[in-house]
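Participant: I have a structure I would like to understand better, so I am pasting it below and will then ask my questions one at a time.
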Amino acid sequence: MKPPRSLKITDQTVGSGRPCVPGDVALCRYACTRRKGDILFASDTAHPFRIGARDGCVGMEYGLMGMRIGGRRTVSVPPNLTYVERKTYPELPDDAMLVYDLALDGFGDKWDPDMDRRLTDRASHTDG
């Protein structure tokens, strides 16, 4: 899962340990704001987020990939990737640019322990 080129990801703090990958449950704190600073939603406590499930905010999922525990990132999400947020917040204009501030606090149990093998199998079929 490569992030789209239109997504702008900036590390504030890199963190340590292994990177977050599809199949992980990332425990993260976050804030989502409009570009002009209005807060849409935020979490002061770590919230579990399933990487690779595609059941949440696309910019947040791509932003968490590759993060390490203790890491902090800012992710600027272009309007074409904010469709999940616009369903929840219909007042968001179609051209709304969103900014996520993410902090990875840890990992929960993998939601799909077999994900690593499937991703490796898929990559080997496309490489050859």
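Participant: Which of the following residues is among the acidic types (D, E), modelled with pLDDT of 65 or more and exposed (fewer than 15 other Cβ atoms within 10 Å of the Cβ): D116, D109, D101? Let's see the steps before the verdict.
Facilitator: Working: D116 fails: modelled with pLDDT of 65 or more; D101 fails: exposed (fewer than 15 other Cβ atoms within 10 Å of the Cβ).
After applying the criteria, what remains is D109.
Participant: Looking only at region 41-85, filter to residues that are surrounded by 16 or more Cβ atoms within 10 Å (Cβ to Cβ) and among the basic types (K, R); which one of those is nearest to D109 (Cα to Cα)?
Facilitator: R50
Participant: Does region 63-76 include one or more residues that are within 22 Å of M97 (Cβ to Cβ), without any contact (Cβ under 8 Å) to a residue 12 or more places away in the chain and β-branched (V, I, T)?
Facilitator: no
Participant: If you go through region 30-40 one residue at a time, do you hit one that is surrounded by fewer than 13 Cβ atoms within 10 Å (Cβ to Cβ) and either of a type in the set (D, E) or modelled with pLDDT of 95 or more (or both)?
Facilitator: Start the filter on region 30-40 by keeping residues that are surrounded by fewer than 13 Cβ atoms within 10 Å (Cβ to Cβ), which leaves 35-39.
Remaining after also requiring either of a type in the set (D, E) or modelled with pLDDT of 95 or more (or both): 38.
Within region 30-40, one or more residues are surrounded by fewer than 13 Cβ atoms within 10 Å (Cβ to Cβ) and either of a type in the set (D, E) or modelled with pLDDT of 95 or more (or both).
The values are calculated or read from the model by the stated rules, or taken from the named source; none is laboratory data. Predicted model, so just to flag it, every value in this text is computed and none were measured. Neighbour counts are summed over all protein chains in view; Cβ atoms, including those assigned to glycine, are modelled from backbone coordinates with ideal geometry.
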